[in-house]
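The values are calculated or read from the model by the stated rules, or taken from the named source; none is laboratory data. The shown structure was predicted, so the numbers you read here are calculated from the model rather than taken from an experiment. Backbone-built Cβ (ideal geometry, glycine too); neighbour counts: all protein chains shown.
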Amino acid sequence: MAKNTSSSEGRIEDAARAGWLYYVAQNTQDEIAKKMGVSRQSAQRLVSLAMTEGLVKIRLDHPVARCMDLARAMKKKYGLETCEVTLTDPTSDDPALGVAQVAAAEMERVLIRKEPVIMALGTGREIRAAVDDIPNMHCPQHRIVSLVGSLAPDGSANDNDPLNKIGDVIHAPRHPLSVPVIASTTEERRVIGSQKPIRRNFELAQKADVAFVGIGELNDSPPLLTDGFINWEELKELQALGAVGEIVGWSFDAQGKLVDCRINDRVSSVELTTLSSVPAIGVAKGANKLVAIKAALAGKWLSGLITDEATAEMLLR
């Protein structure tokens, strides 16, 4: 009797989903059974099948067909060069789960190249989590440059700056921007930008072969506020002017246009208009970031996106 190919492929996809939930999202087999609507014994068999079929190594290698379809649709709708869509764990509130692992794999693919590469990094929890997932490598031929300042207004370090961590992991030269994310005044920003080491790192970032950036939302508790880079009054000013999202500190409206405001006039990061000439991959997911992601895509600030299936589905509606 001929094998039911469609049924076989469906079971492999179920095994891939179960494997992701178990090895990446770290669900128990009871939790997997509940989420997939199967018995615990079936969940156990699916996890086992994911291993025996070679779908699971350090990361899940099998791309679930639904995620691939969503990625293709995203590329077509938004004119993206690249798009990766990972699975969604509906019970997790971790903003980096899944997308960080995919971003780490993409970074690793860049870093294994023999020829010298300049990699630029934004900031944020997703980018930091991705860097945390990169294995130890020896890449002295590459250079890593920051796109965003590493200091808060009080001079303290930005905990989500991934530059120091990645330099220790891959043993490559690092080029930080040791400046405030947002300067106190426009004059301070001008003086900062005129410093030779800072100017050189700005120029290096413009030559990057690839950039990985987070996408920040501008709701009532955005990272710019909770991390201390802007205050409540400045947030309300941005919102009143129609700002819905930000990349490396630069705020934009729902059409993706940079907001004309005093906060943007003080941003010390690499200019977003300059970054548009670099292949920039956004890493973000979640309903709270939906408007910001859509605006970033509308503004053509990204050439690629790494997100999850739930977010991709909302973006495609």
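A few notes on this one:
- Test: Gly228 is of a type outside the set (A, V, I, L, M, F, W, C) and either in a loop (DSSP other than H, G, I, E, B) or within 26 Å of Thr185 (Cα to Cα) (or both): yes
- Residue tally, condition surrounded by fewer than 19 Cβ atoms within 10 Å (Cβ to Cβ), under 28 Å from the mean Cα position of the chain (by Cα) and not in a helix (DSSP H, G or I), over segment 184-216: 3
- Test result for Ala103, in contact with a helix residue (DSSP H, G or I) (Cβ under 7 Å, 6 or more places away or on another chain) and either in a helix (DSSP H, G or I) or in the same structural domain as Leu163 (by TED's automatic domain parsing) (or both): yes
- Residue count for segment 129-183, restricted to those that are part of a loop (DSSP other than H, G, I, E, B), of a type in the set (Val, Ile, Thr) and in contact with a Lys or Arg (Cβ under 8 Å, 6 or more places away or on another chain): 0
- Residue count for segment 110-157, restricted to those that are exposed (fewer than 14 other Cβ atoms within 10 Å of the Cβ) and on the phi > 0 side of the Ramachandran plot: 1.
Here's the yes/no breakdown for (1) assigned by TED's automatic domain parsing to the domain that holds Ser303; (2) charged (D, E, K, R); (3) farther than 21 Å from Ile263 by Cβ:
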position	(1), (2), (3)
Ile127	yes, no, yes
Cys139	yes, no, yes
Asp154	yes, yes, no
Gly167	yes, no, yes
Asp209	yes, yes, yes
Trp232	yes, no, no
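Results for (1) touching a residue at least 40 places away in the same chain (Cβ under 8 Å); (2) touching a strand residue (DSSP E or B) at 6+ places or on another chain (Cβ under 9 Å); (3) among the basic types (Lys, Arg), shown as yes or no for each residue.
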| position | (1), (2), (3) |
| --- | --- |
| Met137 | no, no, no |
| Pro140 | no, no, no |
| Arg143 | yes, yes, yes |
| Leu147 | yes, yes, no |
| Asp154 | yes, no, no |
| Asp161 | no, yes, no |
| Asn164 | no, yes, no |
| Gly167 | no, yes, no |
| Pro173 | no, yes, no |
